[in-house]
1. I'd like to know if region 7-27 contains one or more residues that are modelled with pLDDT under 65, open to solvent by less than 20 Å² (accessible area, probe 1.4 Å) and in a helix (DSSP H, G or I).
2. Suppose we filter region 79-116 for residues that are outside any loop (DSSP other than H, G, I, E, B) and over 14 Å from residue 130 (Cα atoms); how many remain?
3. Look through region 63-78, keep the residues that are in a helix (DSSP H, G or I) and among the small types (Gly, Ala, Ser), and return whichever of them is most open to solvent (accessible area, probe 1.4 Å).
4. Quick one: residue 86 ticks every box in (1) exposed (fewer than 13 other Cβ atoms within 10 Å of the Cβ); (2) modelled with pLDDT under 90; (3) in contact with a helix residue (DSSP H, G or I) (Cβ under 8 Å, 6 or more places away or on another chain) bar one, so which box is it?
Amino acid sequence: MRVPGRIHSAPRTGRCRLPDSIREAVVLYPDKRDTAIPASREVFGDELHLGGMFQDNHVIPYEGVCAANFPPCSRDLLCRLAGTFLEHLPPGPDHARLNDIRAHLDETWWCWIGGSGPDSPFYFRIQSPGVLIEYEPHAGIMLTNEHPAKFHTHTITRTPNGNDYGVALVAQENGKQLTLTDGA
């Protein structure tokens with residue numbers, strides 16, 4: 001799938017438009033390959049993504065800065081950035097997800113790992129009770145790039161904290177919590 005250029009530029013542009021104090025506070029580590037990043041923070045094949053493969057129903061702790069601390073213009077910026085990653089959805093689901101993000105804005109967190117230069121690789125995550133969005137250029141496993149590169153980018157957009165595959169909806173309907181091994 002070809003990813004629109006704004007997917008690569010919107011996060012960096014958004015971070016640059018934050019007030020200085022917030023712009024710096026969202027940064028967990030200044031380099032995507034920072035040696036201070038704990039080994040437990042990296043996932044084989046998914047690098048810094050916490051909501052990727054084999055992480056179904058994983059509860060991910062919030063990191064970075066909560067949007068409740070953002071001025072109104074930065075809150076709007078965060079909503080527009082999240083919307084960039086929902087544009088692939090049909091209009092109804094797109095609007096529903098954006099409304100959910102707005103409804104939980106005071107519980108939405110933004111974190112960043114990496115640089116802010118035009119060619120600096122970075123990871124970022126927007127996370128709330130209603131959405132988890134992760135973006136990260138990866139190094140190659142099967143490709144030849146040893147370092148993270150824009151041409152090999154992974155994005156994740158999912159419902160966080162335990163409703164993968166609609167298990168919470170099924171439990172609500174039939175009163176029984178399912179596991180991924182049910183029906184196997």
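1. yes
2. Of the residues in that region, 9 qualify.
3. Start the filter on region 63-78 by keeping residues that are in a helix (DSSP H, G or I), which leaves 67-69, 72-78.
Keeping just the survivors that are among the small types (Gly, Ala, Ser) gives 67-68, 74.
Working: 67: 0, 68: 51, 74: 1 Å².
By that ranking, first place goes to 68.
4. The one condition residue 86 does not meet is (1).
So that you can scan it fast, the table gives a plain yes or no per residue for (1) over 23 Å from residue 81 (Cα atoms); (2) modelled with pLDDT under 65; (3) surrounded by 13 or more Cβ atoms within 10 Å (Cβ to Cβ):
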| position | (1), (2), (3) |
| --- | --- |
| 93 | no, no, no |
| 110 | no, no, yes |
| 126 | no, no, yes |
| 141 | yes, yes, no |
| 158 | no, no, yes |
| 180 | yes, yes, no |
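The values are calculated or read from the model by the stated rules, or taken from the named source; none is laboratory data. Given the structure is predicted, the values throughout are model-derived calculations rather than measurements. Note that we place each Cβ from the backbone using ideal geometry, even for glycine, and neighbour counts take in every protein chain shown. Accessible surface is based on the protein model in full, side chains and every heavy atom, while ligands, DNA and RNA are left aside. Shrake-Rupley method; radii C 1.70, N 1.55, O 1.52, S 1.80 Å.
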